[in-house]
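Here is the structure we will look at.
The values are calculated or read from the model by the stated rules, or taken from the named source; none is laboratory data. In this text the structure is predicted, and so the values were computed from the model without any measurement. So basically every Cβ, Gly included, is an ideal-geometry build from the backbone, and we count neighbours across all protein chains shown.
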């Protein structure tokens, strides 16, 4: 339904027509349907449906980065999809600065590569954080050293491994980082006029914010373009049964390493006595020689045990299990 004009707007329009300030031909031209130019030399091979599916994939990928990278960086990480668009490969590379952090990724089993571009300020923050710093970027950009690139490469390999799960509903992939480049001229993986889809992720590491760009060439994704739609995506989502899910969680928990310790007893000594301890000195504990030991799982007292030996190693024999609340 078109916009309804008020009486004052109608009077002003009639006055403008009568004085010649507004031409009737101009009004007719404005009402004509606008024609959008189409460049056949640069066909848009990615539809809006394709871009939307890629956004869904990398929204999932962003959540995985947000939960896994803090384990290595010991810093809060927030990742979200900022935008997606279709451009030529030359337009993508011309927009890059120098130096850059550009990872060329072999998108196995697809025949081709993709490019992951990481903002330099995020790269400096990652290096600073991995080397024990506060995770602050440099005030002025400079070239990365070989040691710094090695550190960044390890984080990029982890990021590539996390990309498998988001793509699982479309294709089982095994992305492998081929190499890191700091100059965009050395990452010409396709022809300059070929079309690529760019998915931009907004990444924040602590207080440092930057972008991670996913450059996905049409040449690489051509074999699976029919699968890049939301209908196929949701149709192939497999529901996990409760029993299978519980079994999966249990198997993962069984592989977790937990520290255990058996406490012989406790004692309090002065600092001077502790400093002057020698081999053969006796420390008196608060337990008897025939008392049961407390065995801790992590920081929780879980068992009681008696000391002994197994072959040439010290050992304990569990005598009772301490239930929760005891």
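Which residues, taken from segment 309-326, are in contact (Cβ under 8 Å) with a residue 24 or more places away in the chain and either in contact with a helix residue (DSSP H, G or I) (Cβ under 9 Å, 6 or more places away or on another chain) or surrounded by 13 or more Cβ atoms within 10 Å (Cβ to Cβ) (or both)? Within segment 309-326, 316 is the sole residue that qualifies. When segment 250-279 is filtered for residues that are within 20 Å of residue 308 (Cα to Cα), over 40 Å from the mean Cα position of the chain (by Cα) and assigned to a loop (DSSP other than H, G, I, E, B), the ones remaining, listed by number, are 264, 265, 266. Within segment 113-121, can one find any residue that is in a helix (DSSP H, G or I) and in the same structural domain as residue 222 (by TED's automatic domain parsing)? Checking segment 113-121: at least one residue is in a helix (DSSP H, G or I) and in the same structural domain as residue 222 (by TED's automatic domain parsing). Search segment 86-101 for residues being part of a loop (DSSP other than H, G, I, E, B) and touching a strand residue (DSSP E or B) at 6+ places or on another chain (Cβ under 7 Å), and hand back the single one that is farthest from residue 144 (Cα to Cα). Looking at residues that are part of a loop (DSSP other than H, G, I, E, B) and touching a strand residue (DSSP E or B) at 6+ places or on another chain (Cβ under 7 Å), I get 96. The residues listed here are 285, 306; of these, the one that is in a strand (DSSP E or B), at negative phi, over 45 Å from the mean Cα position of the chain (by Cα) and surrounded by 11 or more Cβ atoms within 10 Å (Cβ to Cβ) is 306.
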